[in-house]
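Colleague: Before I ask anything, let me first share the structure, which is written out below as structure tokens.
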Amino acid sequence: MSILVTGGAGYIGSHTVRSLQSNDRKVVVLDSMEFGHRSAVGNAELVVGNVRDRALVTELCKSHNVTQVVHFAAYKAVGESMEHPDRYWLNNVAGSVDLIEGVLAAGVREFVFSSSCSVNGTPTKLPVDESAPVAPESVYAETKAMVERILHWYGVTHELRAVSMRYFNAAGASADGAIGEDWSRAQNLVPLVMKAALGKSPPVQVFGTDYPTPDGTCIRDYIHVDDLADAHMRALDYLHDGGASTTLNVGTGTGTSVFEVIHATERASGQTVPYTVAPRRAGDPVASYADPTKAGSTLGWSATRTLDDIIGSAWRWHSAHPEGFAGF
Ligand code: WQD
């Protein structure tokens, strides 16, 4: 039995591949390598190809005796999705349909999907649980919401069982510093703070310090990428044990501000993080953090790594590999 991991050469995908392998699961990675890195995949088998190639997907599942799928492969830049929506409709939505059809043709019926808390848009209630309204505020978020519904309907028409994992803010790197985030494309706070701390960029911009929060900066739920990887493995086990389709919020349940991320980075690095105060960023909710109760009761999972674990692992990775995977 093997697990097909699409996008397994990417950030969360590569950490999930490592977690699965360290728990003696056989993995095969399908990645277009448009943004993935070969060195992030380690000794896992890598098939270079696109989820849109149904015949490739079916053949790969049959030849590797695939019984489950974790689907990470997608574009994820919110701003880009508003400028080039066609890329997101085709790659994220049509690509998921092609992948589903490809695995169904090989008899695979267990599917874990990389979704996002961004399907809820601006939270109407905190903490955010799975009953929160689905109200995407970007094409990217809409593609995640659409694939969740497509998976539901494949459950009705083809008995596909799926767990949609709504991540909050993934951050950090593997504890041994062997893999981490590629900051060359990252627009997220943690890699940008690391870049500024390492003098690889101008000072990081703090988008607003006048929010109604304790220190005036926005609050998010930063979750260690290895906690996310653990959650995916438990979701696969849940499906293997006959679990019904479900949607889970995957966060720590703890809110952390931008300044708290900066201060944690200063603790981890022993250096001052240069920053400038900038205007608020359009579309930023003042706060977003998860209610992870359902993930706990469904999977027996909870996040175990702290903010200092997240920032310390990110610092070790970026300071040791300032060129990211290019240096491998
Ligand atoms: C975090 C905070 C910014 C950059 C992300 C993903 C989204 C979804 C949820 C998976 C905000 C502030 C940022 C900077 C800053 N995850 N910030 N200066 O917007 O919460 O969304 O998590 O799908 O896809 O993008 O993440 O890292 O962009 O911002 O002050 O240079 O940091 O205002 O408050 P966000 P982010």
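FYI, it's all coordinate maths here, none of it is from the lab. Not measured: the values here are computed from a predicted model. Because the Cβ atoms are built from the backbone with ideal geometry, glycine has one as well, and the counts that use them run over all protein chains shown.
Colleague: Helix-only mean residue ellipticity at 222 nm, the chain, DSSP H runs n ≥ 4 weighted -39,500 (n - 2.57), per residue, nearest 500. What is it? It would help to have the intermediate numbers written out before the result.
Modeller: Values: 11 runs with 120 residues, N = 328.
So the helix-based figure for the chain works out to -11000 deg cm²/dmol.
Colleague: Another question about this same structure. Can you report the principal axis dimensions of region 197-310 using only the alpha carbons, biggest first, rounded to whole angstrom?
Modeller: 51, 29, 22
Colleague: Let me test this: with uniform point scatterers at the alpha carbons of region 1-77, what is the Debye-based log₁₀ I(q)/I(0) at q = 0.16, 0.20 1/Å?
Modeller: Taking Cα atoms of region 1-77 as identical point scatterers yields -0.48, -0.76.
Colleague: Okay, moving on. Roughly what % of Cα-Cα distances in region 28-144 sit above 24 Å, to the whole percent?
Modeller: Details: 2366 of 6786 pairs.
When all Cα pairs of region 28-144 are counted, 35 percent exceed 24 Å.
Colleague: I've got another one for you. Take each of the peptides 95-101, 54-60, average the number of other beta-carbon atoms within 10 Å over its residues, and list them starting from the highest.
Modeller: 95-101, 54-60
Colleague: Over region 1-114, what relative contact order in percent results from Cα pairs under 8 Å that are six or more residues apart? Walk me through the intermediate numbers first.
Modeller: Details: 199 pairs, mean separation 34.6, N = 114.
The normalised contact order for region 1-114 reaches 30 percent.
Colleague: Sticking with this structure for a sec: Roughly how tilted is helix 54-63, in degrees to the nearest 10 and between 0 and 90, from the longest Cα axis of the chain?
Modeller: 70
Colleague: Could you identify which residue out of Asn65, Asn50, Asn169 has the top mean-square fluctuation in a GNM of the chain using Cα springs shorter than 10 Å?
Modeller: Greatest mean-square fluctuation among the candidates belongs to Asn65.
Colleague: In degrees from 0 to 90, rounded to the nearest 10, what is the angle of the helix 258-269 Cα long axis to the longest principal axis of the chain?
Modeller: Helix 258-269 and the main axis of the chain meet at about 90 degrees.
Colleague: Quick one: grab the alpha carbon gyration tensor of region 258-328, order the square roots of its eigenvalues as a ≥ b ≥ c, and give me rounded if a/c is under 1.5, else prolate or oblate depending on whether a/b is larger than b/c.
Modeller: Judged from the Cα gyration tensor, region 258-328 comes out oblate (a/c at least 1.5, b/c at or above a/b).
Colleague: Continuing with the same structure: Using 10 Å bins from zero, what percent of all Cα-Cα pairs in region 90-173 falls into each bin?
Modeller: Cα pair-distance distribution for region 90-173, in percent: 17, 46, 29, 8, 0.
Colleague: Return the single residue from Glu142, Glu83, Glu45 with maximal mean-square fluctuation; model: Gaussian network over the chain, springs between Cα atoms under 10 Å.
Modeller: Comparing Glu142, Glu83, Glu45 in a Gaussian network model of the chain, the most mobile one is Glu83.
Colleague: Based on the alpha-carbon set only, what is the convex hull volume of the chain divided per residue, in Å³? Walk me through the numbers before you get to the answer.
Modeller: Values: hull volume 39.9 nm³, N = 328.
In the chain, the Cα hull volume divided by residue count equals 122 Å³.
Colleague: Which residue fluctuates the most in the chain, going by a Gaussian network model with Cα springs under 10 Å, if the choices are Lys76, Lys125, Lys195?
Modeller: Ranking Lys76, Lys125, Lys195 by mean-square fluctuation puts Lys125 first.
Colleague: Please count, across the chain, the pairs of lysine residues with Cα atoms under 23 Å apart that sit 8 or more places apart or on different chains.
Modeller: Total qualifying Lys-Lys pairs in the chain comes to 6.
Colleague: Here's a follow-up. HN-Hα J couplings of region 101-110 from phi, Karplus 6.51/-1.76/1.60, θ = phi - 60°, integer Hz, Gly and Pro as x?
Modeller: So the J values, rounded to whole Hz, are 4, x, 6, 4, 5, 9, x, 7, 10, 10.
Colleague: Helix 11-22 versus the longest principal axis of the chain: what angle, 0 to 90°, nearest 10, using Cα atoms?
Modeller: 60
Colleague: If you don't mind, there's one more thing I want to ask. Please report, in whole Å, how far the alpha carbons of region 168-224 spread along each principal axis, starting with the longest.
Modeller: Dimensions of region 168-224 along the principal axes of its Cα atoms: 39, 26, 17 Å.
Colleague: Any idea how far the Cα center of region 1-42 sits from the one of region 52-122, in Å?
Modeller: 14
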